[in-house]
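Derivation of every value follows stated rules applied to the coordinates shown; laboratory data play no part. Every value quoted in this text rests on a predicted model; they were computed, and no experiment measured them. Cβ atoms come from the backbone with ideal geometry, glycine included; neighbour counts cover every protein chain shown.
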Amino acid sequence: MTKRPRIFYGWYIIGLMIVSMMLVFGIRTSFSIFFEPVLNYFHWYRGSTAIMLSLNIFVYGLAAPVAGILVDRWKARTVAVLGLLLLSLSASACYFATELWHFYLLFGVLAPIGSAFCASPVLNASVINWFGKSRGMAVGIGQMGGGLSFVYGLMIEAVINRWGWQASFPVMGGLILVVLLPLYLLIYHHRPEDIGLKAYGAGELSAGVDIKEAPKPVRDWTLRAAFKTYQLWFLVFAEVCFWGIGNYMILAHQIKFAEDVGYSSMMATSIFALYGFVSIIGQFCSAISDKIGREKTLTIATVLAIGGLLALMSVRDTSQVWLLYVYAISSGFATGVFSPVIIVGLADIFRGRNIGTISAMLMTGMGFGGAIGPWLGGYIFDISGSYNAAFVIAMVAFAIGCLSFWLAAPRKAESLRAKLMKQV
């Protein structure tokens, strides 16, 4: 008789996802930290400088479905290792950048391709494969690495203060090679079947239900069938609005906003880190969507995100630091909740062998929205001298994203799957 392992192997995959998202997304989220010193060094406009982040998110969104297709059909570990190498080299090479187009190419084009091949488009699908039940909890815990990427920014701020902003790039690129590459080579497996295991909770339904009463299997989703459904596109549009336009417009400029008010760079970065730490709590709490439903959980997140942004808009001087804390706690928690909920909402409807490619479409939505958000925030400031209009646009985007998620209706997942699959 085979001895059952004491620790389910899927938890190692989640651990890898946490570390990976912290270091991989830490490169992107650190943009708001080196934004100020880059502006001071080169004296570029905020809008044109922020394009490097807009490009990063946009290219990431385009590369995500490609990564999803590759991991569904090729060797997932090979895809991830290639992504790690490209990300490490392109991030490190930013040390030598002296022109905007250098940053556009290295940080805006090459780095996000590497990120897409080794982060969420690969790991979200892996976690979904490893967990047949409690998927909301599993994805929520794995997404905690995204929150830690903001806390990671404190280290980048320390590197910049000690050695200059250029030194932060080889540090970030080096950590990818030293930490992540060995972990992927040693423990990463895309599916439990790859090492002779089963997904968490697999077979429990059949064990507890009489065979005559068991539901009939539903045919697996093809990409063509999924792309024909309005449910998928409402979910993608929710990601366009909430993350791409709304969140990234704020995240790109929140540290610069606080510095404009009069706060030090370390204080502004600390608020940024608090935002990330609270988002970790939100990601863990997103498991409540398994109990109260995906739509209700995401609505709570939207209300908190709008409330936090109202607090940020109300900051006028350094005597109102409590408003920054309200923003960091409220918006950080909301962001933490949103990401896992939309992923598991999509998986509720479209789970199957093509989940890697289908779930990567969320990243494409984020990419298209992200092509607008950071640049638009900087452009609005360049022409008006204020971020207020950008904040209002972000709040509207949050609300529209929530409405789009309701229209996708993950709460009706089983009936939708059965109905829609009969049509294909």
Calculate I(q)/I(0) for region 1-86 by the Debye formula, one identical point scatterer on each C-alpha and no solvent, and give its log10 at q = 0.11, 0.20 Å⁻¹ to two decimals.
-> -0.50, -1.06
In terms of the alpha carbon gyration tensor, root eigenvalues a ≥ b ≥ c, rounded if a/c is under 1.5 and otherwise prolate when a/b exceeds b/c or oblate, region 57-118 is oblate
Determine the sum of side-chain charges near T297: Lys and Arg each +1, Asp and Glu each -1, restricted to other residues whose C-beta is under 14 angstrom from that of T297.
-> +2
Pairing the Cα long axis of helix 120-130 with the longest principal axis of the chain, what angle in degrees results, from 0 to 90 and rounded to the nearest 10?
-> 30
Take the alpha carbon gyration tensor of region 254-312, find the square roots of its eigenvalues, order them as a ≥ b ≥ c, and report rounded if a/c is under 1.5; if not, report prolate when a/b exceeds b/c, else oblate.
-> oblate
What number, in percent, do you get for the relative contact order of the chain if the mean sequence gap of Cα pairs under 8 Å and at least 6 apart is divided by its residue count?
-> 28
Region 317-424, relative contact order [Cα under 8 Å, separation at least 6], % | 33
By the gyration tensor of its Cα atoms, with a ≥ b ≥ c the square roots of the eigenvalues, what is the shape of region 14-156: rounded for a/c under 1.5, prolate for a/b over b/c, or oblate?
-> prolate
Residues with beta-carbon under 14 Å from that of H189, excluding H189: net charge, scoring Lys, Arg +1 and Asp, Glu -1?
-> +2
Express the relative contact order of region 63-152 as a whole percentage, based on alpha carbon pairs under 8 Å and six or more residues apart in sequence.
-> 33
P(r) weight above 20 Å for region 342-405, C-alpha pairs, percent = 44
Sum -39500 (n - 2.57) across every DSSP H segment of at least 4 residues in the chain, then divide by the residue count to get the 222 nm mean residue ellipticity, nearest 500.
-> -23500 deg cm²/dmol
Estimate the FRET efficiency between L403 and R73 by the formula 1/(1 + (r/R0)^6), using the beta-carbon distance for r and 41 Å for R0, to the nearest 0.05.
-> 0.75
Given N residues in the chain, what is Rg(Cα) / (2.2 N^0.38 Å)?
-> 0.96
